[in-house]
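**Q** Quick one: structure below, then a few questions.
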């Protein structure tokens, strides 16, 4: 299983420029086809982006404008009215603080835990390392409803219900189960000479981890941090159950809770949605380059 | 005898050396025990009781909850809906994703530059970074029967009353699938495009010189070369499809007329709405076993086909 997936920091092949390629003749014959392909992919992109465009359009309308002209019209005037209304209904700064803390803590703690555990499995080659990976794989597959009720009571028992730490602990472990699996397979591809040289220099295992393995794996770890952050930010089920109190709610749960109250204006919810996705969007755009390396780190909600 | 000495010393030495590596596994072992193993076992124990939750008394029920499950039509209906989730999350996105990835890599990237290809890739991936609470809200406004974007558009072209996308029991499941396809497509595209960068460009050039058209190259090079990634996507997406919860809760709440209930949502409802905790725990346990079994089958099947290839 380990060797099936290419290591995350795979080499990006540099391809020759279009003009320098052979088969110039056949290339010219395919000229219209090329534009057809562009049309197809751009159409697909437009369909994918359309819901986002609608979200932006309707977030800046007044509710009167929305009910008169519907969701497809251009706003009569761009107003921030819906945003200020959303901010007055939801304690957004608190939710934002909770979300940033939870997602940030899980991202870094999860990546660190993945690194340490994968070190023992991928490089330490502890006994039964295959079985340990299989168990961790189970942890990534187990549906949350099979854990939720005992977690709820367990958190209540130790006083962590409605505390952001309950969610931090749970997701650090769940994300690290996946991260360990990924990093362990990357570590098996590290050149042996690198580690042997460090051993000869008299480095201890702890030193080898932080002075040799960590720097080499930094790019992969940064991909893990980005994805852990986004996944944790977007999580729904566990925060919904474990963080019921408004003071502990995350950004998405605050939005969902507000939506559950009936009389809320659509434009207000549009504005709230836009605010809720903005932080991950910024994070995503900043780290967009890591996507090509993120590879197998993608996942399903 | 003398030959045995080094033989026996070697493994002992190996063991003592790897002994301290176990220390590095203590944090994740402790975390796994607290967050996954103990709750999972407790959930199994709960599934053997009839319990309304909270301070209510627990009644031992043995395997009764599981027997009830076998005769519960709504439960089987939720599993049938899981098949639809697999179509929407695994089958359709993987098929579309493989074509889009190949076109972006083989055509757009070469003819219009890698920047164009990565820009398009990013737009396909965008829904993947969306909080599901937001995605669900967006689609509920798009699919709304009166004020929704689709029906507003239909009105503008003369269709006065468009369908009730989420309110019609015959239609709601397909509407949910539509959103899931939109959510999911970016995942295979990104994984497959990364995989294609691993493929030797000379393979394509040789095929091109031989006059192989795009479709030939797609079937003869692209698909076979990225098979490991296709398997990876199918495995992870299948597990994801069997676990679908939030989209159902947010978009339909399992309705109308239970037409969109999935196992995880059915468990949730028993836990938190119907106060049938033991029954909910049985559903959750059963679903977990199904997920593990299907994942194991997929892995075994993949190993076997890999060995057959050599």
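**Q** What's the center-to-center distance, using Cα atoms, between segment A:256-286 and segment A:42-114 in Å?
**A** 4 Å
**Q** Other chains' Cβ within 10 Å of B:107-117 residues: what's the mean?
**A** For this peptide, the per-residue mean of nearby foreign Cβ atoms is 4.
**Q** Given labels modelled 7 Å from the Cα in the Cβ direction, how far is it in nm from residue A:214 to residue A:47?
**A** 4.7 nm
**Q** With a cut-off of 15 Å, note down the residues of segment A:94-121 whose backbone N falls inside the zone around a label point 7 Å from the Cα of residue A:261 toward its beta carbon.
**A** What the label zone holds, given the 15 Å backbone N cut-off, is A:95.
**Q** Right, something else. Express in whole angstrom the spacing between the alpha-carbon centres of segment B:152-210 and segment A:189-234.
**A** 37 Å
**Q** For peptide A:75-81, how many partner chain Cβ atoms fall within 10 Å of a residue's Cβ, on average?
**A** Details: counts 0, 0, 0, 0, 0, 0, 0.
If you average over the peptide's residues, the count of other-chain Cβ atoms is 0.
**Q** Further question on the same structure: Within 10 Å of each Cβ in peptide B:239-251, how many partner chain Cβ atoms are there on average? Round it to a whole number, please. Don't skip to the end; give the middle numbers.
**A** Values: counts 7, 4, 1, 2, 9, 3, 7, 9, 2, 0, 4, 5, 0.
That average works out to 4.
**Q** I would also like to ask the following. Given a Förster radius of 22 Å and the C-beta distance between residue A:108 and residue B:23 as r, what FRET efficiency does 1/(1 + (r/R0)^6) yield to the nearest 0.05? Present the calculation step by step, with values, prior to reporting the outcome.
**A** Values: r = 21 Å, r/R0 = 0.96.
Step by step, r from the Cβ atoms, then E = 0.55.
**Q** Right, another one. Sticking to Cα atoms, compute the Rg of segment B:204-285 to one decimal and its Dmax as the biggest Cα-Cα distance, whole number, in Å.
**A** For segment B:204-285, the Cα-based Rg and Dmax read 21.9, 68 Å.
**Q** Given Cα pairs under 8 Å that are at least 6 residues apart, what percent is the relative contact order of segment B:69-309? Can you show the working numbers first?
**A** Working: 263 pairs, mean separation 66.0, N = 241.
That works out to 27 percent.
**Q** Extending each Cα 7 Å along its Cβ direction at residue A:281 and residue B:159, get the distance between those two points in nm, one decimal.
**A** The modelled label-to-label distance comes out at 2.9 nm.
**Q** Separate question: Which whole-number percent gives the relative contact order of chain A, counting Cα pairs below 8 Å spaced six or more residues apart?
**A** On the way: 278 pairs, mean separation 93.4, N = 301.
Here the relative contact order equals 31 percent.
**Q** Next question. Sort A:35, B:60 by Cβ crowding within 10 Å, fewest neighbours at the top.
**A** Details: A:35 12, B:60 9.
Fewest-to-most Cβ neighbours within 10 Å comes out as B:60, A:35.
**Q** Return the single residue from B:31, B:97, B:109 with maximal mean-square fluctuation; model: Gaussian network over chain B, springs between Cα atoms under 10 Å.
**A** B:31
**Q** Would any residue of segment A:143-184 have its amide N under 19 Å from a label point 7 Å out along Cα→Cβ of residue A:100? List them or say none.
**A** A:164-165, A:168
**Q** Over segment B:186-310, what is the mean sequence separation of C-alpha contacts under 8 Å (at least six apart), divided by residue count, expressed as relative contact order in percent? Can you show the working numbers first?
**A** Working: 70 pairs, mean separation 22.1, N = 125.
Once normalised by length, the contact order is 18 percent.
**Q** FRET efficiency for residue A:204 and residue A:91, Cβ-Cβ distance as r, R0 = 51 Å, nearest 0.05?
**A** Details: r = 48 Å, r/R0 = 0.95.
Once rounded, the FRET efficiency stands at 0.60.
**Q** Additional query: Per DSSP H run of n ≥ 4, the term is -39500 (n - 2.57); total these for the protein assembly as shown, divide by its residue number, and report the mean residue ellipticity at 222 nm rounded to 500 deg cm²/dmol. Could you put the intermediate results ahead of the total?
**A** Working: 33 runs with 406 residues, N = 611.
So the helix-based figure for the protein assembly as shown works out to -21000 deg cm²/dmol.
Read-outs: derived from the displayed coordinates by stated rules, not from any lab. Quick caveat, the model's predicted, so the values are computed rather than measured. So basically every Cβ, Gly included, is an ideal-geometry build from the backbone, and we count neighbours across all protein chains shown.
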